[in-house]
1. Kindly report the accessible area of the chain per residue (heavy atoms of protein chains, probe 1.4 Å, no ligands, DNA or RNA), in Å².
2. Region 163-256: which trypsin sites (Lys or Arg not before Pro) are DSSP loop and have at most 10 other beta-carbon atoms within 10 angstrom?
3. Place a +1 charge on the Cβ of each Lys and Arg in region 1-67 and a -1 charge on the Cβ of each Asp and Glu, then give the dipole magnitude about the Cα centre in debye, rounded to the nearest 20.
4. Express the relative contact order of the chain as a whole percentage, based on alpha carbon pairs under 8 Å and six or more residues apart in sequence.
5. Can you list the residues, at least 5 places off or on another chain, whose amide H is less than 5 Å from the amide H of Val297, using H built in the peptide plane?
6. Using the crude model of +1 on Lys and Arg Cβ and -1 on Asp and Glu Cβ, and no other charge, please compute the dipole size for region 98-297 relative to its Cα centre, in debye to 20.
7. Counting only residues 5 or more places away or on other chains, whose amide H sits under 5 Å from the amide H of Leu257 once H atoms are built in the peptide plane?
8. Can you tell me which of Asn30, Asn279, Asn228 moves the most in a GNM of the chain? Springs connect C-alpha atoms under 10 Å apart.
Amino acid sequence: MNITVFELEDWERQAFEELGQDHEVELLSNPLSAKNATEYADTQAISTFLYSRLDRQVLEQLPRLKLIATRSTGVDHIDLDYCEQHDVVVSNVPTYGDNTVAEHVFALLLTLSHRMDQAIDRTRKGDFSPRGLQGFDLEGKTFGVIGTGNIGRHTIRIARGFGMEVIAYDVQPDSEAAAELEFTYVALDELLRRADVISLHVPSTPKTRHLLSHEQFEQMKPCAIILNTSRGDIINSQALVRALAEGRVCGAGLDVLPEEPVIREEAELLRSVYQRTHNLESLLADHVLIRLRNVVVTPHSAFNTREAVSRILETTVDNIQSYIRGGGRSVNNQVGASR
Ligand code: NAI
């Protein structure tokens, strides 16, 4: 089988090299894009991370493609309809990092609640004054979780450990989890009204796009804290900038931004300004958010611990091998055989 691995980091190399014993494997550090896709017209299986946008324009240039093994949980960067129509199996890594991402959620929250970034900045400059660094307690506050899947449930466990009351909203409530972890399901409106801290754990889909926008920010308790480790487009970032300016939201911890792939590469950014292929208003809002003192942004790194990345690689290589062994049948499929 002809396998091409994109966006490869050096430390991922070894995991894929073993596939090279029986297959033709090409390991590349660049993403796959509409501009370079014709170079890989012969490939039958690809593995990518999040910065290869696998839309129709790219996929149409890969006529022999049979398998996409994404090294992520989210599959919103892949045109699943195209894959369904063209018998391309899509496998993901469903559960590598529920604890890992949930731990990052609290890293963001504690950074805000104890003003850790500003405190550390200050001592590094030799300034030991605590003035202006007052934070807030988590104990006794209400933690609102939107999406109680694998990651959402893990954040609930941690929140309970901090002595927070937890309320949650999900389109598919899990009453057993609610009883076991001691939290209560409420309607979205009620969650917005009651929560001191709101944490997002839903996938990016047409239904969740801008789930938090002007109307939702207006319903929130004054001085709410927003945490997003899910996907950038779930929040309307212009609405968030306004809610921060009005003091309705007092802080935000964001691991994801809507125009994040563009922000990653300043050169790409400039190109996009000229080509106007991106939403410039939302890009501008991202840049404002990154610079606000009461917003902390991490570069989509919630998954990135030693343990989680080794689980990601193991599952991805397993996904490819099980597809090959099963003659087209695979595991962890979002689209295709044995879904
Ligand atoms: P999951 O599939 O276990 O849970 C998602 C939950 O969202 C489900 O309970 C589902 O019923 C609920 N949901 C779906 N649509 C909804 C809607 N419209 N309204 C309310 N609830 C809805 O997913 P998991 O593993 O918890 O991951 C959540 C997301 O976290 C992923 O889709 C991915 O985008 C993101 N993620 C981010 C990472 C990072 O490094 N920042 C790493 C891993 C995942």
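The values are calculated or read from the model by the stated rules, or taken from the named source; none is laboratory data. Just so it is clear, the structure is predicted and the values come from calculations on it, not from any experiment. Here the Cβ positions follow ideal geometry from the backbone for every residue, glycine too, while neighbour counts run over all protein chains shown. Side chains are part of the model used for accessible areas, which takes the heavy atoms of the whole protein and leaves out ligands, DNA and RNA. Shrake-Rupley method; radii C 1.70, N 1.55, O 1.52, S 1.80 Å.
1. On a per-residue basis, the chain sits at 49 Å².
2. Lys207
3. With only Lys, Arg, Asp and Glu charged at Cβ, the dipole is about 400 debye.
4. So the answer I get is 16 percent.
5. The list, which skips near neighbours in sequence, is Leu254.
6. Charge dipole of region 98-297: 600 debye, to the nearest 20.
7. Amide H to amide H, under 5 Å and 5 or more residues apart or across chains, Leu257 pairs with Gly232.
8. Top of the fluctuation ranking is Asn279.
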